Structures are given as C-alpha cells and as structure tokens.
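Asks: The structure is given below, and queries will be raised subsequently.
The values are calculated or read from the model by the stated rules, or taken from the named source; none is laboratory data. Quick caveat: nothing in here was measured; it's all calculated off a predicted structure. Cβ placement follows ideal geometry from the backbone for every residue including glycine, while neighbour counts extend to all protein chains displayed.
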C-alpha cells in the first residue's frame, strides 16, 4: 500500500517543488523567547487540519535557526510552506530549549505536547535504539547514497515502521554532508591519544569512541563552548566547519580533524504527530513532503558550498585542518563493525534497518565504483 501511495504522489510532489521554487519569500515568525502555551490534548482537534483547512503547528527545533545549514533549513522549510499556502499552513518555530529540550523533541511529539518538530533522529537512541541508523552511521552512506536508500530502496518505509508505533511520522526534511571528526586541544597521532579524553560525541560514533577508550558525554550545541573553555570536556564534534566556527570551538581546541568518519552524511527529519498526519488529506501530505524534499536539496547544496572558504581561513585564525592517519581510521572502522553487530544482536529493528542499508550499499557499489572519477584524480 505504501509503495502505491508514494507513486501516486510523485507528480504532485514535482509540481509543488517547482511551484515553491518560484514563490520563496519571507514570513514573520514569532520572535524567540515569546513562547505560546503548549497545546493540551483537548486542544488537538483545533490544531490539526483536514484538506485545505488552516493549521498552525508548534515546531521546536533541535538547532538554533541562526546556525547556517544545521539550523537555518528549518526556517527555510517553514517559510516556504507558509508562502506556498498563502499562510494557510504554518510551522511555528521554537528555538532549542524554548519549550522543549533539543534532545526530547520526538518524545514531545509522541506525547502530543507539540504537533511537530525538526531534529536529528539519533538523539532518540536511548529509547529507540535503531534511530541513529536514520540519522548517521559511522563509515556509512554518503549524502546521495542515503537519499537513494531512503527514496528508492525501502528506507522511508522502514523509518515509518520504526516511528509509527511511537505515534510519530518522520519526513526526511534536511541533509548535510560530512561533519568534521572533532576539535581537539592537541594533535591526534595514534588511537592511544584518544584514550581517557573527555569528548562530546553523538550517536553511534560516540559508542565507537567509547570502545576506543574515550569518555563520552552528550551536550546540546549551546553548552559545548563553555564546557570546552572550562575544561569539562577535552574535545568535541558537533557539525560542519561553518557552524563550529560560529560556536568558537577553534578558540579553545584548535586541531580540527577530518574526514568525518562518524557521520559521512547527516539526515534531519520533520517529525509529526502521527494522528494529525493521518487526518491530512493526501494532497496536503504531498505538499509538506514536497517542501521537505526541496529543503533536502537546498540544505545539501549549502552544506557543500559554504565549507571551503571557512577552512581556507583556518590558518589566519590559528586553527589547523588535519587528517586522521589511515591507521586510526582503519581501527575505528574495525570497532564500528563490532558496535553495529552488537547493536543489531540486541535490537531486531536495528538489525532489519542495518541489513537493508548494507544490502543497498553492496548493490550500489557496482555503480559507485565505476561511475565517478577517483577523488585523487
């Protein structure tokens, strides 16, 4: 049934994206710090929409909308949807911690505290073990590979199957390229240099580093710089260079390492209260999906286009763009395989999604290995 619905929407999605590209504008959103009351269960009938009726959904975001690529895509998606519908459909943005802590967004949607959210699904790892596979996998798929798996190889259906029992409908809505491998106070020359370090690290990559001997902690983006400055942590990963520079990591941990082995791509999702989603008619669902798909394309373009200039300016700021030695990468890849297999053994959903991703990558490799020029050509 799902396959049929996707095929049926294809034309509507294409038309909506094209229409949206010509109508981008600005929408005055409620300023940060002026939070409206969270909807109670009794209010939910008034905030969902059926057919062409107006809706205004509260949408907390995991990343500040001032952050390029990581945060501003949610703002773009909200503005585009409002513009295309002439204000009939509004995703009202709430900045991180304004009404929902950034790591608890899907939980808030699941409990009907908010109607929607924009987040990285890996933050749900504690209660949905397979969720990081939908966000980022160490040594995993690159951005275009992930979208191919999501849209053509059953990834979307597996994501819905994972989240629907929690009352949440996920829509792929953003995508960025590799993150950096982290900011460190001192050079990393061997795997032993990671042992005992206190590192802020997210998702499955954090589990890999933990097995490598590091001490892993999780902090929201707004708390990382202070933790680095005060010595509460020794190193951190967070996002792309353009984001990390804004947050000032280079001022206290000047060694920035590459490649982003832990997140070769990072997928971001719009998560919607499933009961509300199912009350929308197919044309409205398709419009939201179209706007999110356009957001994915724009988000990836910006994530690729903004990094080179930042790295080019590192030396002037006293920062160092370094490459992890191949020996370290090989050992991290070995540990990653162990972590993935252990997680799959412990959780059937993790095993099912991982198997799907690995099967797709094995098939895709026939094309990937032949179609593109070598990166050192």
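Asks: Tell me, please, whether a residue that is in the same structural domain as residue 189 (by TED's automatic domain parsing) and part of a helix (DSSP H, G or I) can be found in segment 280-288.
Replies: Pass one, segment 280-288, residues in the same structural domain as residue 189 (by TED's automatic domain parsing): none.
No.
Asks: If you don't mind, another one. With (1) within 15 Å of the chain's Cα centre (by Cα); (2) in a loop (DSSP other than H, G, I, E, B); (3) closer than 20 Å to residue 222 by Cβ as the list, and residue 141 as the residue in question, which single condition is left unmet?
Replies: Among (1) within 15 Å of the chain's Cα centre (by Cα); (2) in a loop (DSSP other than H, G, I, E, B); (3) closer than 20 Å to residue 222 by Cβ, residue 141 violates only (3).
Asks: Being under 30 Å from residue 232 (Cβ atoms) and surrounded by fewer than 17 Cβ atoms within 10 Å (Cβ to Cβ): is that true of residue 315 here?
Replies: In short, yes.
Asks: Which of the residues spanning segment 117-126 are in contact with a strand residue (DSSP E or B) (Cβ under 7 Å, 6 or more places away or on another chain) and over 15 Å from residue 96 (Cβ atoms)?
Replies: Taking segment 117-126 and keeping what is in contact with a strand residue (DSSP E or B) (Cβ under 7 Å, 6 or more places away or on another chain), we get 117-121.
Answer for segment 117-126, where residues must be in contact with a strand residue (DSSP E or B) (Cβ under 7 Å, 6 or more places away or on another chain) and over 15 Å from residue 96 (Cβ atoms): just 121.
Asks: Please pick out the residue among 117, 64, 87, 126 that is part of a loop (DSSP other than H, G, I, E, B) and under 24 Å from residue 285 (Cα atoms).
Replies: The match here is 87.
Asks: Sticking with this structure for a sec: Determine, yes or no, whether residue 333 is surrounded by 12 or more Cβ atoms within 10 Å (Cβ to Cβ), assigned by TED's automatic domain parsing to the domain that holds residue 214 and out of contact with any helix residue (DSSP H, G or I) (no Cβ under 8 Å at 6 or more places or on another chain).
Replies: Criteria met by residue 333.
Asks: Among 188, 199, 224, which is the only one that is part of a loop (DSSP other than H, G, I, E, B), at pLDDT 95 or above and surrounded by 18 or more Cβ atoms within 10 Å (Cβ to Cβ)?
Replies: 188
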